[in-house]
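The values are calculated or read from the model by the stated rules, or taken from the named source; none is laboratory data. Just so you know, these numbers come straight off a predicted model, no measurement behind them. Don't worry about glycine lacking a Cβ; one is built from the backbone with ideal geometry, like all the others, and counts go over all protein chains shown. Just the protein is used for accessible areas: all its heavy atoms, side chains included, with ligands, DNA and RNA removed. Shrake-Rupley method; radii C 1.70, N 1.55, O 1.52, S 1.80 Å.
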Amino acid sequence: MVAVALRALLDHSIDYAGMFPPCALELEPALANQARYVRLEESWMLNAFVLPVAQFATAKQFLPLFDPAHPLSISALGPRTENAVAFREALVETDAAIRSLSAHNVDLVSISQLEMFLPGDVEANLLSEARSILGDLPVFWEAPADRAERTIALLAQHNSTADLPTFGYKMRTGGVTADAFPTSGQIAPALVAPATHQVPIKFTAGLHHPLRQYRDEVQTKMHGFLNVLGAAVLAAEHRWDAAQVAAMLDDESVSAFVFDDESFSWREWKIDLQRIKDRRRFVTTFGSCSFDEPREDLRALKFF
């Protein structure tokens, strides 16, 4: 039996990114996995399938894997650009591709959000133009950890003058080598800032396991998704500073994380069920190349 608070924290939290390292599957087997996952009992944890815009045309031939009761929800991954000029051009092309796929078969496929790298020279006026180009599609803009606070402030400035949906921030929390993992001290300010500015945040890479732990395959400690999502909601609820967030991100003790049908607690800090749901509006999803590992690890740790 899954505790109600755990389900609230992890509800539709995993964007399946099977095409990306370390799994790096081809499109067809990755989509076949997604088609299987949406039919599982634990599909409540699953959100969208991360699909590069460049693969949209090829993906159309695999839509029969899905049906109207189990459609394909896509998190579109836009191209990475290095400057504002190339960024604007890519936006126009990305929008055209999204509109084309969205209209292809509305019973089987939908685009739920866009993820795209934000070059460092993009300013507020170009973000406003991006919103006019993309319409009401939810968007998460990625920037490295050392630009997190500045990027979140820029997004907050845009959001303060825009109607919903707001722009969100996408943070990379790992990779396939040790140097791809930001420290807890680097992640922590990015979890404090969205709570202050009401900017939605999603995460990508390295969050395969519930709790922080050392992994031989990357020769470093990987961040845990319960640490990251839990710290984000507790930071917002209790107005934590970055040092307190970092302490939770570093915690490897399973006994410190307690879920029941009314609340989630980490050590002496608690958040009730309704507040978890409220905070999740700004603590959205994490991309993972595996949907199996997170579920298997939760079972191994007796959370399921």
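List of remarks:
- Within the range 127-142, restricting attention to residues that are open to solvent by 40 Å² or more (accessible area, probe 1.4 Å) and not small (G, A, S), the residue that is farthest from Q34 (Cα to Cα) is E129.
- Qualifying residue in the range 220-232 (condition: open to solvent by 60 Å² or more (accessible area, probe 1.4 Å), at pLDDT 95 or above, among the basic types (K, R) and at positive phi): no
- Residue match in the range 149-162 (condition: of a type outside the set (F, W, Y), within 19 Å of the chain's Cα centre (by Cα) and assigned to a loop (DSSP other than H, G, I, E, B)): no
- When every residue of the range 212-227 is checked against the conditions, at least one turns out to be of a type in the set (G, A, S) and under 30 Å from A76 (Cβ atoms).
- Filter pass, L301 being open to solvent by 40 Å² or more (accessible area, probe 1.4 Å), of a type in the set (A, V, I, L, M), touching a residue at least 60 places away in the same chain (Cβ under 8 Å) and at negative phi: yes
- Filter result for the condition that a residue is open to solvent by 40 Å² or more (accessible area, probe 1.4 Å), under 22 Å from A8 (Cα atoms), among the basic types (K, R) and without any contact (Cβ under 8 Å) to a residue 40 or more places away in the chain, over R239, R267, R215: R267
- Matching residues, the range 208-248, being touching a Leu at 6+ places or on another chain (Cβ under 8 Å), of a type outside the set (F, W, Y) and either under 19 Å from K302 (Cβ atoms) or not in a helix (DSSP H, G or I) (or both): P210, L211, R212, M222, H223, G224, L226, N227, L229, G230
- Some residue of the range 114-126 being touching a strand residue (DSSP E or B) at 6+ places or on another chain (Cβ under 8 Å), open to solvent by 20 Å² or more (accessible area, probe 1.4 Å) and either of a type in the set (G, A, S) or in a helix (DSSP H, G or I) (or both): no
- Candidates G185, G174, G168, filtered to the one that is assigned to a strand (DSSP E or B), farther than 17 Å from P52 by Cβ and either in contact with a helix residue (DSSP H, G or I) (Cβ under 8 Å, 6 or more places away or on another chain) or of a type in the set (G, A, S) (or both): G168
- Residue in the range 152-162 that is open to solvent by 10 Å² or more (accessible area, probe 1.4 Å) and either in contact with a Phe, Trp or Tyr (Cβ under 7 Å, 6 or more places away or on another chain) or among the basic types (K, R) (or both) present: yes
- From the list V228, V233, V245, the one residue that fits, being farther than 17 Å from A178 by Cα, of a type in the set (A, V, I, L, M) and touching a Lys or Arg at 6+ places or on another chain (Cβ under 6 Å), is V233.
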